[in-house]
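J.: Starting off with a structure, shown below.
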Amino acid sequence: MRSPTTTLAHDEISLLLFALQGGDSAPLPDAESCEEACPVVETVEELLCGGQLDPQQQLVRHLNNHLREAMIECGMFELMAAAHPGLAQEPWVEDPAKFQRVNERLAEWTCQIKLDDAERRVLYESLSRLPRSSWVMTPRTMWRLRKKLKAR
């Protein structure tokens, strides 16, 4: 059976990653480190070390790659890299208008993700385990995600 693609927004992918990792926030890749920002390094590391990721970790990596893509396309990595290291001011303090534009682009960004039935099930179950406060804080996003992940 062919896996249909699912359209997900930046905030939806972030919420799914949060749910997948058991309510722990995912670490942001360091804009200064090519090793953290480049998905090719992860693949080469797997090949050289002979390590095999479990399906859940593969899904986390897949979703992280889409988040990285969003941050690059919308200019967030540029904004983070332009921040002056060692200064107390963050990039959004130095140029709030630019930060606002980047956030607006992130809010509008979407991508098509191909998920098989097992991945859908894992994401749906992870989302269902989130505390009730998630439903109170982001009810529209939670319902939209549940509907997108429901078995087809």
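The values are calculated or read from the model by the stated rules, or taken from the named source; none is laboratory data. Predicted, not measured: the structure shown is a model, and the values here were computed from it. Reconstructed Cβ throughout: ideal geometry from the backbone, glycine too, with neighbour counts over all protein chains shown. The protein model used for the area step is the full one, side chains on, heavy atoms only, and it has no ligands, DNA or RNA in it. Shrake-Rupley method; radii C 1.70, N 1.55, O 1.52, S 1.80 Å.
J.: Explain nothing, just compute: Karplus ³J(HN,Hα) = 6.51 cos²θ - 1.76 cosθ + 1.60, θ = phi - 60°, for every residue of segment 53-63 in order, whole Hz, x for Gly and Pro.
T.: 7, 6, x, 5, 5, 5, 5, 4, 4, 4, 5
J.: With every protein chain left in place, what is the accessible area of Arg105 in Å² (1.4 Å probe, nearest 10)?
T.: Spelled out: Arg105, probe radius 1.4 Å, area about 110 Å².
J.: Kindly sort Glu12, Glu104, Glu78 by accessible area of their heavy atoms, largest first, with the probe set to 1.4 Å.
T.: Glu78, Glu104, Glu12
J.: What residues qualify as long-range amide H neighbours of Trp109, i.e. H under 5 Å apart, gap of 5 or more or another chain, H built at 1.01 Å from N?
T.: His10
J.: Search the structure for amide H atoms under 5 Å from the amide H of Leu115, placed 1.01 Å from N in the peptide plane, and list their residues when 5 or more places away or on another chain.
T.: Thr6
J.: Would you list Lys114, Lys147 from the most to the least accessible area, probe 1.4 Å?
T.: Ranking Lys114, Lys147 by accessible area, largest first, yields Lys147, Lys114.
J.: Any idea how far apart Arg140 and Glu78 come out in nm if each label point goes 7 Å out from Cα toward Cβ?
T.: Rounded to a tenth, the inter-label distance reads 2.9 nm.
J.: Figure the gain on full extension for Gln56 and Lys98 (residue separation times 0.36 nm, minus the Cα-Cα span) and round it to one decimal in nm.
T.: So the extension gain works out to 11.6 nm.
J.: Show Lys150, Lys98 ordered by accessible area, largest first, where the area counts protein heavy atoms only and the probe is 1.4 Å.
T.: Sorted descending by solvent-accessible area, the residues read Lys150, Lys98.
J.: Still on this structure, please answer the following. Given the alpha-carbon gyration tensor of segment 105-152, what are the semi-axes of its equivalent ellipsoid in whole angstrom, ordered largest first, with each equal to the square root of 5 times an eigenvalue?
T.: Largest first, segment 105-152 gives 18, 17, 8 Å.
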